[in-house]
1. What shape does region 145-192 take by its C-alpha gyration tensor, where a ≥ b ≥ c are the square roots of the eigenvalues and a/c under 1.5 counts as rounded, a/b above b/c as prolate, and the rest as oblate?
2. Using Cα-Cα distances under 8 Å and only pairs 6 or more residues apart, what relative contact order does region 13-309 have, in percent?
3. Only counting other Cβ atoms within 10 Å, I'd like 180, 81 sorted with the fewest neighbours first.
4. Based on the alpha carbons, how large is the Rg to Rh ratio for region 13-309 when Rh follows Kirkwood?
5. Based on alpha-carbon positions alone, could you give the equivalent ellipsoid semi-axes of region 158-235 from the gyration tensor, as √(5λ), descending, whole Å?
6. On full extension of the chain, what length is gained from residue 65 through residue 325, given 0.36 nm per residue of separation minus the C-alpha to C-alpha distance?
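Readers should treat all values here as calculations from the given coordinates under stated rules, not as data from a laboratory. Please read all numbers here as calculations on a predicted model, not as lab measurements. Cβ coordinates were reconstructed from backbone atoms using ideal geometry, including for glycine residues, and neighbour counts include every protein chain displayed.
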Ligand SMILES: Nc1nc2c(c(=O)[nH]1)N[C@H]1C(S)=C(S)[C@@H](COP(=O)(O)O)O[C@H]1N2
Ligand SMILES: [Mo]
């Protein structure tokens, strides 16, 4: 049985569910029931494949874009954020700084064919076709909350594979202690990169033991379908106990290094964004509090208390034993 996130089965007392979302949640439970998912009642068997036509939340997957996947026990209890908000309210600065810019402009990005280059301290360096790194017959759905550093959050039904499965394929050598990621960069397709808000390409990194944690995930889809470009097609990282910006989109490079790597937000504003970027209500952003978050789609007044490690303390606190998490933010 898979260890579950601690928040999975208990709704937080702060989660006031507006009526339309409650209706939406009933629909999710109804469709999950139709699939015979034991997961909602207790321990999921992970065997039930979702059918392409089954509505996910408020969205019916487009048959042309639908994926097959199994349900998993990784799911938060809160209602899903609507498909329109998940795919229409985005941060993907390569396409502009406005929340609507990625939905408007990311269709210009070429995502096929796609390859990922493995570099650095790996036994298997080289260029891999997406299909060679991701087993599309072994996809699973995970409902994780994305907590943006801007103090808002959404709940997204991601589809993908554990990051650990990719790292195991690439066999980091014994000297490797960190994994690095880089986003695709194409000046003619990405209108936002003419602005030097970030030293492009967008870069991220994790300590190798963080990356191997079972929660760390590489998504190729959401809401039953392949990822829309604005959400980081065709493959993006999802690290649910860290702020959203660690979840780098449209990954073209994965590397292994011995020393703590540079990351885009840390380079841009070192006093605001550290390497770790763990969700932490105790450590305010220098310009605003991180104690609470606005629930996207939850209505004007919907806020919830931000949880340590975004609710995954049981799964990840050990990674930081003995570390000062205010200093190492
Ligand atoms: N390449 C790239 N990845 C990125 C970003 C970005 O600007 N460029 N924004 C990050 C931020 S700040 C957040 S909150 C999430 C948003 O993911 P979503 O749009 O799928 O919700 O993507 C992250 N990944
Ligand atoms: Mo973010």
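1. Judged from the Cα gyration tensor, region 145-192 comes out oblate (a/c at least 1.5, b/c at or above a/b).
2. It comes to 19 percent, rounded to a whole number.
3. Least to most surrounded, the residues fall as 180, 81.
4. Radius of gyration relative to Kirkwood radius: 0.94.
5. Three semi-axes, in Å: 25, 19, 9.
6. Result: 89.5 nm gained on full extension.
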